[in-house]
Amino acid sequence: MALAGLAVFAVATGAVEVFIDATRGAIQKIPIAVYSFKSAIPVPGQPPADVLKADLRRSLLFDVADLERLGIRAEVNSQPGPEALQKAGEAGMAVQVWGTLVPRGSQIVMDGTLFESSHGEVGRKRYVGSPGVVRHMAHRLADEIVFHYTGEQGIARSQIAFVSERDGAKELFVMDYDGYNPRRLTFDASLNLAPAWSPDRRRLAFVTYRKGDDPQIEELDLITGARRTLVALPGLNITPEWSPSGEELAFATTKDGNSEIYKVDKYGRRFERLTDHLAADLAPTWSPTGREIAFTSDRGGTPQIYLMSADGTNVRALTYRDQHGSYNTSAVWSPKGNWIAYVCRDERRILKICLISPDGQQWRQLTTGSSNDESPSWSADGRHVAFSSTRNERRDIYMIGADGTGLERLTTSGVFNDDPAWSGS
Amino acid sequence: MRSLTGHSRHVMVAVMIALVGILALGGCSKKNVMATTEGTGKAQEGGPSGSGGSMGEGGSAPLQGFSKSPSEESVKAPTPPVVAKADTAEIAARQAREAAKRQLADIYFAFDKWALSSEGMKNLAQNSEFLKQNPKVKLLIEGHCDERGSREYNMVLGEKRAQETRRYLESLGVKNPVTVTSYGKERLVCTEHDESCYWKNRRAHLVLEGEK
């Protein structure tokens, strides 16, 4: 019955979208045992069972057992013996996983088995690829296990795009969701900022200064490498964000004399103005249904978060100066709909990450301490937020659970890593 | 196995949920669709090789579920193999333009504010004389901010500072061609995390281009 709580129900009631996320609260995690993967040859990098265990822990759905503490040998010869399976079952491990790695020419074949203590073998997976992708085989196995128990795609194969400083320029990079495998995408010797994934993970929209004084919004196709200008209106063109359907891009432009929010179709042709105010409106973010947009506006004197319908009507405040502080910006709507993360500034003038429910009823400061934290971005499962922080002197990218647990540092190279954008699953 | 009764019930429910999930995916039986080029190790960077290679849906093939007799799935690194081709002529032209720029004294602003200070107005009045005497000089006004604002909002705060500067110069009778932009906090001139640097970063930077 605890597992039934994993389902997320969306209920639309009038103008405000209400999402009941039953994942919150005291969810009972599934106890799982992961045995070491027997390998016939040495495989470079982290052992795949460790990659898998980290993925399962990060899913927040599994309680990954320390087998040695239970008196069970984690090292197994191709598969655990009946006694080990029995013992782990009796210790409460509802699910058990093991695997093997076998060379085939220059390739590696990974077999993984999913076993339930009460039912026996559920099924197996077989992956083949180069030794360099054993990590990704483990990520894929983790997502299959998450999918098996929740019907959700899992986040172990997701990617995080980010901005990193190189020779005084800011360039786009992308890495695996756990910080491995960083790759540089641009070599423009300019400022490339604010990457935004298309929902199909094929394209990144971003802000670039490479054409001159005015920042434009450009798109990079991650399959072909083709780049094209999406928005080059006179003035600043900033804060792009794809709609959940991928058909439209919301952004802010100063072409009308002050910053207003527009949307444009995915071809960069048909523009529609959404806000009309003498104050600055910027940083739009879509609700998962695409029917609502949250944004930043200083129409009340200081920057605060507002909501509107996706056609620009029904504008109302979500954060208030007297309740939530004088400076709240850069909202990002969780893909599950239940939270909006944003940058809040405390009385010390330090930037932190805060969460508010779209109905304004729940609020919480997600990050603490004296570091400047900003640029929040949600994982597809709505259970994690990536952000940038100065907590270890340099600016780096971190992730944290939406419940405030499980802080992890993701970038360790360079001196300035910022603006994380977490892909869909 | 007595202690497992509760868990077995969970697992049964879970299987039902998984079935719903699989049904929802409907006929998703594509095999071996993922084909990206191979990745690099941690902390290595790909070079600007522009290597080609095909790739599935942004690098992530659909999940297929567990099976007693699983088909073989080909796994490739999900990182994009592409590099956005840099325009070397564009970079060279930009760098040449940067080198040719001349600068006037920066105008400074109070924390979170875009209104000009009396000192800022005084400095602009001095600048205005030069600009009026050289009406063909092009003026670029860049707005900048300190690091205590958010990356996004600082973009418009910098723009407001630059616009305020432009308006004041025009009120003084300056008729030079003026362009306005903002760099938010993307180009700090000073990087210490205290007021010794903050005030230097909260600035309108006036750049001159073209003939005198």
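The values are calculated or read from the model by the stated rules, or taken from the named source; none is laboratory data. Model, not experiment: these values are computed from the prediction. Here the Cβ positions follow ideal geometry from the backbone for every residue, glycine too, while neighbour counts run over all protein chains shown.
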(request) Would you be able to tell me the number of residues in region A:38-49 that are more than 12 Å from residue A:137 (Cα to Cα), surrounded by 15 or more Cβ atoms within 10 Å (Cβ to Cβ) and not small (Gly, Ala, Ser)? (result) 3
(message) Please determine whether any residue of region A:83-93 is over 23 Å from residue A:143 (Cβ atoms), among the basic types (Lys, Arg) and surrounded by fewer than 21 Cβ atoms within 10 Å (Cβ to Cβ).
(response) yes
(request) Of the conditions (1) at negative phi; (2) surrounded by 24 or more Cβ atoms within 10 Å (Cβ to Cβ), residue A:194 clears all except one; give me its number. (result) (1)
(message) Which of the numbered conditions does residue A:220 fail, given that it passes all the others? Conditions: (1) surrounded by 24 or more Cβ atoms within 10 Å (Cβ to Cβ); (2) within 7 Å of chain B (Cβ to nearest Cβ); (3) closer than 28 Å to residue B:141 by Cβ.
(response) (3)
(request) Working only within region A:393-425, note down all residues that are acidic (Asp, Glu) and either part of a loop (DSSP other than H, G, I, E, B) or over 15 Å from residue A:341 (Cα atoms) (or both). (result) A:393, A:396, A:403, A:408, A:418
(request) Only one of these is acidic (Asp, Glu), at the interface with another protein chain (Cβ under 9 Å from one of its Cβ atoms) and over 30 Å from residue B:190 (Cα atoms): A:214, A:176. Name it. (result) A:176
(message) Given the options A:276, A:322, name the one that is of a type in the set (D, E, K, R), over 26 Å from residue A:423 (Cβ atoms) and part of a loop (DSSP other than H, G, I, E, B).
(response) A:276
(request) Only residues that are without any contact (Cβ under 8 Å) to a residue 60 or more places away in the chain and assigned to a strand (DSSP E or B): list them for region A:179-204, please. (result) A:183, A:184, A:191, A:192, A:203
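Considering each of B:138, B:132 in turn, give the residue that is touching a Pro at 6+ places or on another chain (Cβ under 7 Å) and farther than 24 Å from residue A:153 by Cβ. Steps first, answer last, please.
Details: B:132 fails: touching a Pro at 6+ places or on another chain (Cβ under 7 Å).
Answer to the check: B:138.
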(message) Which numbered condition in (1) within 12 Å of another protein chain (Cβ to nearest Cβ); (2) more than 28 Å from residue A:274 (Cα to Cα); (3) under 23 Å from the mean Cα position of the chain (by Cα) is the only one that residue A:400 fails?
(response) (1)
(request) Only one of these is over 25 Å from the mean Cα position of the chain (by Cα) and basic (Lys, Arg): A:202, A:184, A:227, A:269. Name it. (result) A:269
(request) Kindly establish whether residue B:164 is without any contact (Cβ under 8 Å) to a residue 24 or more places away in the chain, more than 9 Å from chain A (Cβ to nearest Cβ) and touching a strand residue (DSSP E or B) at 6+ places or on another chain (Cβ under 9 Å). (result) no
(message) Given the criteria assigned to a loop (DSSP other than H, G, I, E, B) and within 11 Å of chain A (Cβ to nearest Cβ), does residue B:186 qualify?
(response) yes
(message) Looking at region B:109-127 only, could you name the residues that are away from chain A (no Cβ under 13 Å), modelled with pLDDT of 95 or more and crowded, with 18+ Cβ neighbours inside 10 Å?
(response) B:109, B:116, B:120, B:123, B:124
(message) Criterion first (surrounded by fewer than 16 Cβ atoms within 10 Å (Cβ to Cβ), of a type in the set (Lys, Arg), part of a loop (DSSP other than H, G, I, E, B) and within 14 Å of another protein chain (Cβ to nearest Cβ)) does residue A:348 satisfy it?
(response) yes
(message) Could you check region A:148-166 and list, in sequence order, the residues that are under 30 Å from residue A:105 (Cβ atoms) and within 7 Å of chain B (Cβ to nearest Cβ)?
(response) A:157, A:159
